[in-house]
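The next block holds one structure in the form of structure tokens; read it before the comments.
The values are calculated or read from the model by the stated rules, or taken from the named source; none is laboratory data. Please read these numbers as outputs of a predicted model, since none were measured by experiment. Ideal geometry is used to build each Cβ from the backbone, glycine not excepted, and the neighbour counts take in all protein chains shown.
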Amino acid sequence: MLTITWVYRFCYVGLDLLGIKICIPNNGTLTSTVNVSVKVTNVCYIDSAPDVEFASAALPSGFSQYSGQLAIRCTKNAAYTVNLASTNASVGDWRQMSQPIANQPTAWLQYQFYQPNGSAWTESKQSQRNRLRRRAVRELHPQD
């Protein structure tokens, strides 16, 4: 229930005497209550994810490792699962990206995401141990 207080003032009787405007005001306060209901649905989104910029390298072994974090924001106390799925065809448990070059076969660069515990984050192993599950958003956002 929401209580609303209305404070009003308007000219109840207005007179114009020889160009002088006179107002007999009506002032008051009214209070009313309104029933309010809100349904909060659970939602999660990626709040931030850093771009990964690969430098040039002649061979895949020449690329440096990159470490970054995803920030996920969810409705308070919502249960959620984070799973990084690949949209490109993969070979085994590896992800791969390509850059088509005119008149040449497609070149693929394989890469992998790793979880904080060091295990590869693969699509083919979507078991309980390869998913990050959090029951309470308070772990991520203790100020909420």
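Is it true that residue 83 is assigned by TED's automatic domain parsing to the domain that holds residue 109, in contact with a helix residue (DSSP H, G or I) (Cβ under 9 Å, 6 or more places away or on another chain) and at positive phi?
Criteria not met by residue 83.
How many of the residues making up the stretch 12-46 are surrounded by 10 or more Cβ atoms within 10 Å (Cβ to Cβ) and under 30 Å from residue 84 (Cβ atoms)?
Summing the residues that are surrounded by 10 or more Cβ atoms within 10 Å (Cβ to Cβ) and under 30 Å from residue 84 (Cβ atoms) in the stretch 12-46 gives 4.
Would you confirm whether any residue within the stretch 74-84 is outside any loop (DSSP other than H, G, I, E, B), without any contact (Cβ under 8 Å) to a residue 12 or more places away in the chain and not β-branched (Val, Ile, Thr)?
At the first step, the residues of the stretch 74-84 found to be outside any loop (DSSP other than H, G, I, E, B) are 74, 80-82.
Within this subset, residues satisfying the condition of being without any contact (Cβ under 8 Å) to a residue 12 or more places away in the chain are none.
No, the stretch 74-84 contains no residue that is outside any loop (DSSP other than H, G, I, E, B), without any contact (Cβ under 8 Å) to a residue 12 or more places away in the chain and not β-branched (Val, Ile, Thr).
Listed residues 52, 36, 13; which is more than 30 Å from residue 120 (Cα to Cα) and within 32 Å of the chain's Cα centre (by Cα)?
36
Somewhere in the stretch 16-30, is a residue in contact (Cβ under 8 Å) with a residue 24 or more places away in the chain and of a type outside the set (Val, Ile, Thr)? Reasoning before the result, please.
Step one: list which residues in the stretch 16-30 are in contact (Cβ under 8 Å) with a residue 24 or more places away in the chain, which gives 29-30.
Those still in the list that are of a type outside the set (Val, Ile, Thr) too: 30.
Yes, because at least one residue in the stretch 16-30 is in contact (Cβ under 8 Å) with a residue 24 or more places away in the chain and of a type outside the set (Val, Ile, Thr).
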